[in-house]
Amino acid sequence: MATYDLSEILITKEELDKRVAELGAKITEDYKGESVLLIGILKGSVPFMADLMRHIDLDVCIDFMSVSSYGGATKSSGVVRILKDLDSDIKGKNVIIVEDIIDSGLTLSYLKDYLLSRNPASMRICTLLDKPSRRKVDLRGDYVGFEVEDKFIVGYGLDIDQKYRNLPYISWVKVNE
């Protein structure tokens, strides 16, 4: 059974707070006079999305999806399963997918295509973290909090085996097999 060693803090709570406020201000500026639908990808995006929406000065609606490509593993399987679909219709709406991290991009690329088939007015991606060194598809976030190196990131919603989501900062773990 694997064990995990929590490492140093990569992004502090104060750095997170500042950057999330900046992202909210940018979204407010980009969609001035319009409304947006934030779609949070469960479970990792919850703390980020909760903080982000408080910094968006527009009419904001929220919905959630749950998708899986990891299972209990530390690497994406590449097979995407939708565990919970949207409760609302997105046709004609300004949609922003809110994600905790873009890693390989496989899951998010699939999800973006899936949602585009529902004819939103616009679709953008807002991610707290971007790990471009692991990208397997051509996908970029429209709003990106921080770029991170190729480590297993935890904290502020991100987990490994459901652990460390509650950390108020971003760290990483060393996996001991």
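Taking first residues from region 34-59 that are on the phi < 0 side of the Ramachandran plot and of a type in the set (Lys, Arg) and partners that are open to solvent by less than 10 Å² (accessible area, probe 1.4 Å) and not in a loop (DSSP other than H, G, I, E, B), the Cβ contacts under 9 Å between residues at least 6 apart in sequence or on separate chains come to 54/20; 54/24.
The condition of being open to solvent by 30 Å² or more (accessible area, probe 1.4 Å), under 20 Å from residue 157 (Cα atoms) and not aromatic (Phe, Trp, Tyr) holds for residue 62.
Set side by side, the residues 118, 124 differ, and just one is touching a strand residue (DSSP E or B) at 6+ places or on another chain (Cβ under 6 Å), modelled with pLDDT of 95 or more, among the basic types (Lys, Arg) and not in a helix (DSSP H, G or I), which is 124.
In contact with a helix residue (DSSP H, G or I) (Cβ under 9 Å, 6 or more places away or on another chain), farther than 22 Å from residue 153 by Cα, among the aliphatic types (A, V, I, L, M) and not in a strand (DSSP E or B): does that describe residue 90? Yes.
If the condition is being over 15 Å from residue 6 (Cβ atoms) and hydrophobic (A, V, I, L, M, F, W, C), then region 143-177 contributes 144, 146, 148. Between 118, 124, 140, 135, the distinction of being out of contact with any Ser or Thr (no Cβ under 8 Å at 6 or more places or on another chain), buried (at least 16 other Cβ atoms within 10 Å of the Cβ) and among the basic types (Lys, Arg) belongs to 124 only. State yes or no: is residue 154 in contact (Cβ under 8 Å) with a residue 12 or more places away in the chain, on the phi < 0 side of the Ramachandran plot, β-branched (Val, Ile, Thr) and not in a loop (DSSP other than H, G, I, E, B)? Yes, satisfied.
Is there a residue being part of a strand (DSSP E or B) and out of contact with any helix residue (DSSP H, G or I) (no Cβ under 9 Å at 6 or more places or on another chain) anywhere in region 131-151?
Within region 131-151, the first condition is being part of a strand (DSSP E or B), and the residues that meet it are 143-147.
Right, trim to out of contact with any helix residue (DSSP H, G or I) (no Cβ under 9 Å at 6 or more places or on another chain) and you get none.
No; the residues of region 131-151 include none that is part of a strand (DSSP E or B) and out of contact with any helix residue (DSSP H, G or I) (no Cβ under 9 Å at 6 or more places or on another chain).
The values are calculated or read from the model by the stated rules, or taken from the named source; none is laboratory data. Since this is a predicted model, take the numbers as computed values, not measurements. So basically every Cβ, Gly included, is an ideal-geometry build from the backbone, and we count neighbours across all protein chains shown. Note: areas computed on protein heavy atoms with side chains; ligands, DNA, RNA excluded. Shrake-Rupley method; radii C 1.70, N 1.55, O 1.52, S 1.80 Å.
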